[in-house]
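The values are calculated or read from the model by the stated rules, or taken from the named source; none is laboratory data. Note that the structure is a prediction, hence the values are computed from the model and not measured. Heads up, the Cβs are rebuilt from the backbone with ideal geometry, glycines too, and the neighbour counts pull from every protein chain shown. When the accessible area is computed, the model is the full protein with side chains, heavy atoms only, and any ligands, DNA or RNA have been set aside. Shrake-Rupley method; radii C 1.70, N 1.55, O 1.52, S 1.80 Å.
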Amino acid sequence: MADATLGGSTEAISAAELAEIGLRCEVDGEIATITLDRPERRNAQTFATWSALARIGESLPGQVRVVVIRGEGPSFSAGIDLRMFTPEGVPGQGSFGTVATLDDAAFEQAVAEAQRGFLWLRRPDIVSIAAVQGHAIGAGFQLALSCDLRVVAEDVKFCMKEPALGLVPDLTGTKPLVDIVGVSRAIEICLTARTVGADEAHRLGLAELVVPGEELSQAVRDLAAALLGTNRDAAAATKRLLQGAPGRTLEEQAAAERAEQALRIRALFASS
Ligand code: ACO
């Protein structure tokens, strides 16, 4: 697997720039693996992390169909870099003290930019998998939630800690959480800021698969291989259909199925 300077349709981001931010991105054929790589800070995230994730998404090579997000070291991610709460902040990125002084438009822009780092993981042309071990706290939990699928190690500890720190979860995690566990359970999990372990995560549908820690990488590789076994265009069309289903009536969904199938069958038999 080679270190990649990503070169899709928009400005590339180099391996050196990513390393500076505490990220790695390796592209191996149809699989891109993004690694949170600041284990000495438990892969704490910053505004630079989220901007870089957005740039990775924008410049992803066209052949990529599966994106794996993983964390180096004992924890997937301990959430936002707590230096944001200090007067000094994160070098070069300010602190919540400075963010608090932004006017509405600038604040909106800053958070929207952060959210861009998460939203692309739902694109229909890819399937995103979070490989989660140890702690996934706050922004770490939300990053895992922003992926289509979660494969977790037995020691996983999900925690939506934001309300305990006086914040709301704003990195796109509230909708997938509610979609998966329902409003009542989401209220209970977020407003107690408690830890959800592997068994419960599996039972609630927060994890598709739970494996011993030493088997996490192989389990993700196996899942990626299985996902790559289906037709690329059919997979994207099916993901579009499934994503749209909760917002449609049965009749509307049936119509959407017809529309997608017409495209599929015409494409499949166009050349015969
Ligand atoms: N931001 C900055 N540095 C961090 C963070 C963080 N979020 N989390 C851990 N670190 C640093 C620690 O300060 C420590 O640094 P040091 O070696 O210089 O002392 C190092 O990472 C290792 O951390 P430990 O606490 O020693 O590691 P341990 O494995 O025992 O515990 C745990 C891990 C449970 C994740 C703990 O570090 C923790 O509670 N971190 C803070 C979690 C948090 O509140 N995140 C914010 C959530 S809200 C949001 O994301 C919006």
Where P74 falls short, out of the listed (1) in contact with a Pro (Cβ under 8 Å, 6 or more places away or on another chain); (2) part of a strand (DSSP E or B): (2)
Subset tally (residues that are open to solvent by less than 100 Å² (accessible area, probe 1.4 Å) and either of a type outside the set (A, V, I, L, M, F, W, C) or at positive phi (or both)) for the range 262-271: 1
Verdict on A52 being farther than 16 Å from A131 by Cα, of a type in the set (A, V, I, L, M) and either in a loop (DSSP other than H, G, I, E, B) or in contact (Cβ under 8 Å) with a residue 60 or more places away in the chain (or both): yes
In the range 58-99, residue nearest to Q218 (Cα to Cα) [restricted to those that are among the acidic types (D, E) and at pLDDT 95 or above]: E72
Pair list, Cβ < 8 Å and 6+ apart or interchain, from the range 20-47 residues that are within 16 Å of the ligand (Cβ to nearest atom) to residues that are among the hydroxyl-bearing types (S, T, Y) and in a strand (DSSP E or B): L23/T35; L36/S77; R42/S77; N43/S77; A44/S77; Q45/S77
Candidates R116, R83, R24, filtered to the one that is farther than 26 Å from L149 by Cα, open to solvent by 40 Å² or more (accessible area, probe 1.4 Å), basic (K, R) and out of contact with any His (no Cβ under 7 Å at 6 or more places or on another chain): R83
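So that you can scan it fast, the table gives a plain yes or no per residue for (1) over 23 Å from T174 (Cα atoms); (2) open to solvent by 20 Å² or more (accessible area, probe 1.4 Å); (3) of a type in the set (D, E, K, R); (4) away from the ligand (no atom under 16 Å from the Cβ):
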{"position": "S59", "(1), (2), (3), (4)": "yes, no, no, yes"}
{"position": "G62", "(1), (2), (3), (4)": "yes, yes, no, yes"}
{"position": "V66", "(1), (2), (3), (4)": "yes, no, no, yes"}
{"position": "G73", "(1), (2), (3), (4)": "yes, yes, no, no"}
{"position": "G79", "(1), (2), (3), (4)": "no, no, no, no"}
{"position": "S95", "(1), (2), (3), (4)": "yes, no, no, no"}
{"position": "Q109", "(1), (2), (3), (4)": "no, yes, no, yes"}
{"position": "A139", "(1), (2), (3), (4)": "no, no, no, no"}
{"position": "A144", "(1), (2), (3), (4)": "no, no, no, no"}
Scope the range 178-213; condition under 18 Å from Q142 (Cβ atoms) and open to solvent by 70 Å² or more (accessible area, probe 1.4 Å); matching residues: D179, V183, R185, I187, L191, T192, T195, E208
